[in-house]
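Asks: I'd like to ask you about the structure that follows.
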There are 2 protein chains.
Amino acid sequence: MRIVVLAGGIGGARFLRGLKAAVADADDAGTTDITVIGNTGDDIHLFGLKVCPDLDTVMYTLGGGIHEEQGWGRADETFAVKTELAAYGVGPEWFGLGDRDFATHIVRTQMLGAGYPLSAVTEALCARWQPGVRLIPMTDDRVETHVVVDTPEDGRKAVHFQEYWVRLHASVPAQAILPVGAEQSKPAPGVLEAIAGADVILFPPSNPVVSIGTILAVPGIREAIAEAGVPVVGLSPIVGDAPVRGMADKVLAAVGVESTAAAVAEHYGSGLLDGWLVDTVDAGLSEAVEAAGIRCRAVPLMMTDVHAAARMAREALTLAEEVRGEARA
Amino acid sequence: MRIVVLAGGIGGARFLRGLKAAVADADDAGTTDITVIGNTGDDIHLFGLKVCPDLDTVMYTLGGGIHEEQGWGRADETFAVKTELAAYGVGPEWFGLGDRDFATHIVRTQMLGAGYPLSAVTEALCARWQPGVRLIPMTDDRVETHVVVDTPEDGRKAVHFQEYWVRLHASVPAQAILPVGAEQSKPAPGVLEAIAGADVILFPPSNPVVSIGTILAVPGIREAIAEAGVPVVGLSPIVGDAPVRGMADKVLAAVGVESTAAAVAEHYGSGLLDGWLVDTVDAGLSEAVEAAGIRCRAVPLMMTDVHAAARMAREALTLAEEVRGEARA
């Protein structure tokens, strides 16, 4: 079985760890492969280095190098470089790059400078981390998610997503989300081929706007998924009336979508999504989701540990098989 | 008094620390300024970053950040980045960059990438370190010293100076020294002006071939020094029949110069050099140096500490005044 997963950062990475565990436990473990299409819209150039937070979170999490409690960055980090940069008066100081993490960005930037596309660089970095999945950036082109905000000082302006998320902690309303460069971008080599060859396509409980939404904004990807003719199943990142983690509600508001599990499913739409998992607390929303033409199941969606994530992955694969069975019937 | 010093790495930096101490002790401390023209021929691109070992050694030594015993690099270093780069299989591993040092190269590379010339970048880095001298790279252009060696595997080939010096420990004979790019380079802004405005020009006990020799290979610098009409005084980096530190003998052989204090003075020549300090153990060579038209004094030349370096600097300035007096007579 070939599984394709669209992934953002922490939520996507933790779901993938569960999916790997679920697949490893299954009878057909040896015949299943997982391709991850990673969001690069939150990439940022810092200190002249190319930083890819979502790709790295997936790579570190699946490769065993992640800072477990934090969810991003490396375990056992030190911060000598950051301290020195601050001593030079060079910022931003709000982005916490550790020494080990810096090495990843140095290698990446050196390879990009030598002419390798990001997809080849990512493959080279993964040669060390052995994430157990094929990790492909959504595009080799530069796409940067910007967020339009109103500020007391500068009026309305667009800031880089990381500035909105990390520096401002999404504390001001997002007026609009702009995936700058997306329209001109092309899917990275292997992305469309993976989708066309998939048996199942999964949307983890990643941010539907700035993670999965950005991947879908790369021309060709949404169309390829819709036309793949295989079950597309998602997991709600909203449980009850709040995001499981992160600040998805802030960016959902910017695109006019309510922060409910049902509204997110309808935002993806039945043209894209065949099945949708909501948390048991949201079981009452199933009817609305099904009314929108999307098969819905209510199951526990809190990824408290890898076992919980694996159970969620199994539920998603089970729902996918239901969708497949229904399509055949 | 305006003093101009041509400097390489460790020897130059330690001499400069002595010179600063000597000047601070003198009556006219407030009216003396020191301009350092730094060698950039040993600059190297590592991990996509621009590393300037000699400039940094001067900056760290005078700014109080140097690893004192080692003579280069930062005090209290850690090596997380280097360890990680090795884990990615990215080398070279023979060049020992610490985490703190990495920050300097990251800032420098970022500024160069933004379009600032190396001289402006160096000034910006010095704004933090406050070295108490004006430090100018010899040129903003790319000059890289290469060393021609015979190898069992590849036959005759040119390697970067750092590879010869650090990786090979100068263990094979240097067939030739090539300051690649020097002929096309121009002195950095301020270099010729500093020389033209100098009251004294000093050559510290730096490597006469790959440090001071490379600076003199930038078209215009040698001529400006010869025509400045002020005392030019040097200190021998050779004491007895060996370099005080480093492997100057290896590269002297490549340019056909004997490893003696007298031969180095004659290599510079009386057209450039007015005065020359040799160590007391080389007092017997004074006659040969003077016969070559260069005023010579034998004084202790071992920079065991900053006081010894300061005494050497005072001897150099005293010899310069003797030269000046003679010229007036």
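Asks: Among the numbered criteria (1) hydrophobic (A, V, I, L, M, F, W, C); (2) in contact with a helix residue (DSSP H, G or I) (Cβ under 7 Å, 6 or more places away or on another chain); (3) modelled with pLDDT of 95 or more, which one does A:Ala263 miss?
Replies: Condition (2) is where A:Ala263 drops out.
Asks: Then there's this: Check region B:142-158 and report whether any residue there is at positive phi, assigned by TED's automatic domain parsing to the domain that holds B:Thr57 and surrounded by fewer than 23 Cβ atoms within 10 Å (Cβ to Cβ). Quick ask: steps written out before the conclusion?
Replies: Step one: filter region B:142-158 for residues at positive phi, giving B:155.
Filter once more, keeping what is assigned by TED's automatic domain parsing to the domain that holds B:Thr57: none.
Within region B:142-158, not a single residue is at positive phi, assigned by TED's automatic domain parsing to the domain that holds B:Thr57 and surrounded by fewer than 23 Cβ atoms within 10 Å (Cβ to Cβ).
Asks: Also, quick follow-up: Restricted to region A:115-134, and to residues that are within 11 Å of chain B (Cβ to nearest Cβ) and over 17 Å from A:Asp54 (Cβ atoms), which residue is surrounded by the fewest Cβ atoms within 10 Å (Cβ to Cβ)?
Replies: Checked region A:115-134; the qualifying residue surrounded by the fewest Cβ atoms within 10 Å (Cβ to Cβ) is A:Ala127.
Asks: Still on this structure, please answer the following. Checking A:Glu144 against (1) out of contact with any helix residue (DSSP H, G or I) (no Cβ under 6 Å at 6 or more places or on another chain); (2) farther than 17 Å from B:Gly91 by Cβ; (3) within 14 Å of chain B (Cβ to nearest Cβ), which single condition isn't satisfied?
Replies: (3)
Asks: Out of curiosity, is B:Ala188 at pLDDT 95 or above and either in contact with a Pro (Cβ under 9 Å, 6 or more places away or on another chain) or more than 14 Å from every other protein chain (Cβ to nearest Cβ) (or both)? It would help to see each step written out before you state the result.
Replies: On the way: at pLDDT 95 or above: yes; either in contact with a Pro (Cβ under 9 Å, 6 or more places away or on another chain) or more than 14 Å from every other protein chain (Cβ to nearest Cβ) (or both): yes.
When the stated conditions are applied, B:Ala188 passes them.
Asks: Taking region B:36-65, which residues are of a type in the set (A, V, I, L, M), touching a helix residue (DSSP H, G or I) at 6+ places or on another chain (Cβ under 7 Å) and within 14 Å of B:Phe102 (Cα to Cα)? If you could, list the steps in order and put the result at the bottom.
Replies: Pass one, region B:36-65, residues of a type in the set (A, V, I, L, M): B:36-37, B:44, B:46, B:49, B:51, B:55, B:58-59, B:62.
From what's left, touching a helix residue (DSSP H, G or I) at 6+ places or on another chain (Cβ under 7 Å): B:36-37, B:44, B:49, B:51, B:55, B:58-59, B:62.
Across region B:36-65, the qualifying residues are B:Ile44, B:Leu49, B:Val51.
Asks: Testing B:Gly113 on (1) out of contact with any helix residue (DSSP H, G or I) (no Cβ under 8 Å at 6 or more places or on another chain); (2) not assigned by TED's automatic domain parsing to the domain that holds B:Ala196, one condition comes back false. Which one is that?
Replies: (2)
Asks: Would it be correct to say that B:Thr83 is within 28 Å of A:Thr109 (Cα to Cα), of a type in the set (Val, Ile, Thr) and assigned by TED's automatic domain parsing to the domain that holds B:Leu301?
Replies: yes
Asks: For region B:124-134, indicate whether the set of residues that are closer than 27 Å to A:Gly89 by Cβ and assigned to a strand (DSSP E or B) is non-empty. So that I can check it myself, show each step before the final result.
Replies: Pass one, region B:124-134, residues closer than 27 Å to A:Gly89 by Cβ: B:124-134.
Next, only the ones that are assigned to a strand (DSSP E or B) stay: B:134.
Yes: region B:124-134 contains one or more residues that are closer than 27 Å to A:Gly89 by Cβ and assigned to a strand (DSSP E or B).
Asks: Let me ask another. Which of (1) surrounded by fewer than 21 Cβ atoms within 10 Å (Cβ to Cβ); (2) small (Gly, Ala, Ser); (3) closer than 30 Å to A:Glu321 by Cβ does A:Ala188 not meet, given it meets every other one?
Replies: Going through (1) surrounded by fewer than 21 Cβ atoms within 10 Å (Cβ to Cβ); (2) small (Gly, Ala, Ser); (3) closer than 30 Å to A:Glu321 by Cβ one by one, A:Ala188 breaks only (1).
Asks: Could you check region A:4-41 and list, in sequence order, the residues that are modelled with pLDDT under 95, buried (at least 24 other Cβ atoms within 10 Å of the Cβ) and among the hydroxyl-bearing types (Ser, Thr, Tyr)?
Replies: none
Asks: Moving to a separate point now. Taking into account only those residues within region A:168-182 that are within 19 Å of the chain's Cα centre (by Cα) and not in a strand (DSSP E or B), which is surrounded by the fewest Cβ atoms within 10 Å (Cβ to Cβ)?
Replies: Top of the filtered list is A:His169.
Asks: Now a separate question. In region A:263-296, which residue that is charged (D, E, K, R) and under 22 Å from the mean Cα position of the chain (by Cα) is nearest to A:Thr318 (Cα to Cα)? Explain how you work it out, then say what you get.
Replies: Of the residues in region A:263-296, the ones charged (D, E, K, R) are A:266, A:274, A:279, A:282, A:287, A:290, A:295.
Checking which are under 22 Å from the mean Cα position of the chain (by Cα) leaves us with A:266, A:274, A:279.
Numbers: A:Glu266: 21, A:Asp274: 13, A:Asp279: 16 Å.
Filtering region A:263-296 for residues that are charged (D, E, K, R) and under 22 Å from the mean Cα position of the chain (by Cα), the one nearest to A:Thr318 (Cα to Cα) comes out as A:Asp274.
Asks: Among the strands (runs of 3 or more DSSP E) confined wholly to region A:196-296, which include 2 or more residues that are over 29 Å from A:Gly181 (Cβ atoms)? Working first, answer last.
Replies: Details: elements: A:200-203, A:232-235, A:275-278.
It comes to A:275-278.
Asks: Please count how many residues of region B:61-85 are more than 12 Å from chain A (Cβ to nearest Cβ) and closer than 15 Å to B:Cys126 by Cα.
Replies: Here the count works out to 4.
Asks: Looking at region A:68-102, which of the residues that are buried (at least 17 other Cβ atoms within 10 Å of the Cβ) and of a type in the set (Phe, Trp, Tyr) is farthest from A:Trp165 (Cα to Cα)?
Replies: Checking each candidate, the answer is A:Tyr88.
Asks: For region B:50-59, give me the residue count where each residue is within 14 Å of chain A (Cβ to nearest Cβ) and surrounded by 24 or more Cβ atoms within 10 Å (Cβ to Cβ).
Replies: Residues of region B:50-59 that are within 14 Å of chain A (Cβ to nearest Cβ), as a first pass: B:50-51, B:56, B:59.
Subsequent filtering for residues that are surrounded by 24 or more Cβ atoms within 10 Å (Cβ to Cβ) retains B:56, B:59.
Summing the residues that are within 14 Å of chain A (Cβ to nearest Cβ) and surrounded by 24 or more Cβ atoms within 10 Å (Cβ to Cβ) in region B:50-59 gives 2.
The values are calculated or read from the model by the stated rules, or taken from the named source; none is laboratory data. In this text, all values refer to a predicted model and were calculated from it rather than measured experimentally. Here Cβ is always computed from backbone atoms with ideal geometry, including for glycine, and neighbour counts include all displayed protein chains.
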